[in-house]
Each structure stands twice: as C-alpha cells, then as structure tokens.
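First up is the structure itself, then whatever we jot down about it.
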Amino acid sequence: MVRANGAVSLRELARVVQTSEVTVRRDVRALEAEGLLDRRHGGAVLPGGFTRESGFPQKSHLATAEKTAIADLAASFVEEGEAVVVGAGTTTQELARRLARIPGLTVVTNSLLVAQALAHANRVEVVMTGGTLRGSNYALVGSGAEQSLQGLRVTRAFLSGSGLTAERGLSTSNMLSASVDRALVQAAAEVVVLADHTKLGADTMFQTVPTDLISRLVTDEPPAHDDRAGAELQALADQGVRVSVAGTGNSAAAGGADGAAGGAGSDVMPPGSRGRRDVPLPGQRRTHTAGPGAGPGGPGGQLRGAGGPLGPQEAGERARVADLRRR
C-alpha cells in the first residue's frame, strides 16, 4: 500500500488487514528496521528522509477524518465579509469547501485546488496569485507568486505544512513552497496553522512560520498512546500558541475543556465525544498586538487564562461550530 500510494495511515492499514492498530504499529516498526518504509505519526511513508515530499494523491488519503474535523473548526473562526489568505494543501482545500458557505468573503490563494473549491461560491471573491505551477500540489510558486502578495493586508492566513514542532514552528519539504508561505504570513495580521496530529513533532527542511508568529493551531485529538504529539501540543501552548482541538470521535486526548494538555487537572474526553476546545496555558496567556480585533480572543488578541469564563468571542466560536455542524 505504501508503494502504491506513497503514504498510508495506521488506521487505514488496521481496517484493511482487519487487526488492531497496536499490531499494525509493531509490523510497521519491523518494516522500518528493514529499510522498506519510514514511520510517521499515525502512518508510514516511503523512505526518503527530509527531502521527500508526498504528492497530492498520497496526502489526500492520510488522516481524512481528522482533516474534515479541523476544517469544520477552522471555518468557524471566519466572519462574513472578511478578507483571508489560504495556502496550499489538502487540509486547506477542505477548509475552502466550508468557506464557500460564508457570504462576503475575499479569499486570496496560490492554490488551484482552493480556488476550484470556491469557484461556484457566488458570494465569495477569489483572488489568485501569479507564479509558476507546481504540479505535485497544484500550487503557484516562485517570484511571481511572492510579488503579487506585496502590499496585501488581510485579517488572517490559514496555512498547512509537512511538519510542526514547538522548536521550529511550521515547516515544509519544498523551498519554493516555503518561500510563498512566508509571503502569505507577511500579508496577515493573524496566522492560523491547520495540522493534524500526524504532523506534530515532524520536522522538515524549510521553516515557513516560526512558532512565535503562530497565533492559533487547529488540530485533532492525538490518540491516547501518542505521547509525543501530546507533548508537542503542550510545548506549543507553553510558547503562547492558542491550541484549538477538533474532536473526530475516534480517539481521546489529554487536556479537557479547561485543562492544560497533559497537565495537572486535565480531563480526558470520553471516547466517541465530538466538539472543540482550546488547550489553555496554566495562568494568563500572551496578548497579540497585531491590531484591534486581529487576535483570536477579541480586541488586540487577548487570550483567557486557564479556567476563566468564556468571553463573547469564545461563546461565539462555539456557537458557530454548532451552526456549521447543523448545516
């Protein structure tokens, strides 16, 4: 399956061979020892180290349920009439399908797939960058793409990538893609990273967004056995990144509705539960100063402390999630 698709998830392997993920994980470890594949969080890929990047067909088969949940939650942060930038990727493509429902949007993108998802949205204006087409992910890259973003200013940027760590932030395997993503970041008052748990702790060649520039991470709940992903979430929160977790109903993760991930007093969400929550820092969180209303918590981006009451913005976010799910 890895040779045919370039990548495969442990969940999909377990389903196909009708066994447990624990058994599949042990077999994948043995195959890695023979040099036949490389393990990744939640799956396996063909060997290749830092320089290898899976193409769109391979990526589209990984963590599909997680990407859907992440896109649902990320879309709830977008208001009518906003101007946003959306980068290339399979998760951002899922987000674009949901943005098509929000009237009055202006979406700037270098992704043909994002533009295609919005092509028939009558109330959404799509602005595409220039550049050279990169066929492996259907994205426009190069100096033309970067120059078309100069002088642009939007409320927020939604970006994905190949890996995310607290130490380096978001990274990708391709230099041209990284350069355009950095230009997208410069155009936005707030940066929202969309990354499923398989990317947490993965580190690739080219840094796109350093951790201190990430306002919010939207991710799914790591499996209970994935200690590394849980630790990475806590490390990101410790550095001031606001972590929003979308439940997929497939796993439970440490860190309850008002508890720090993996920290004291955290609750474990019951198996099969759905919904979203933010993983707050113990104590007061940082304040972003990108401008009035630019931050994720309201004017100036003030973030609430652990255990604090829900503010109007927080209550609004939850209401939008519920409305999206009803639709």
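Values as computed for the structure displayed
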| item | result |
| --- | --- |
| Looking only at region 162-201, and only at residues there that are in a loop (DSSP other than H, G, I, E, B) and open to solvent by 20 Å² or more (accessible area, probe 1.4 Å), the one that is nearest to ARG134 (Cα to Cα) | ASN174 |
| Residues that are under 17 Å from VAL154 (Cβ atoms) and outside any loop (DSSP other than H, G, I, E, B), drawn from region 112-135 | VAL114, ALA115, LEU118, VAL124, GLU125, VAL126, VAL127, MET128 |
| Meets criteria (touching a residue at least 60 places away in the same chain (Cβ under 8 Å) and either touching a Ser or Thr at 6+ places or on another chain (Cβ under 8 Å) or open to solvent by 50 Å² or more (accessible area, probe 1.4 Å) (or both)) for ASN122 | no |
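The values are calculated or read from the model by the stated rules, or taken from the named source; none is laboratory data. Every value quoted in this text rests on a predicted model; they were computed, and no experiment measured them. Quick reminder, even Gly has a Cβ in these numbers, built from the backbone with ideal geometry, and neighbours come from all protein chains shown. Only protein heavy atoms, including side chains, enter the accessible area calculation; ligands, DNA and RNA are left aside. Shrake-Rupley method; radii C 1.70, N 1.55, O 1.52, S 1.80 Å.
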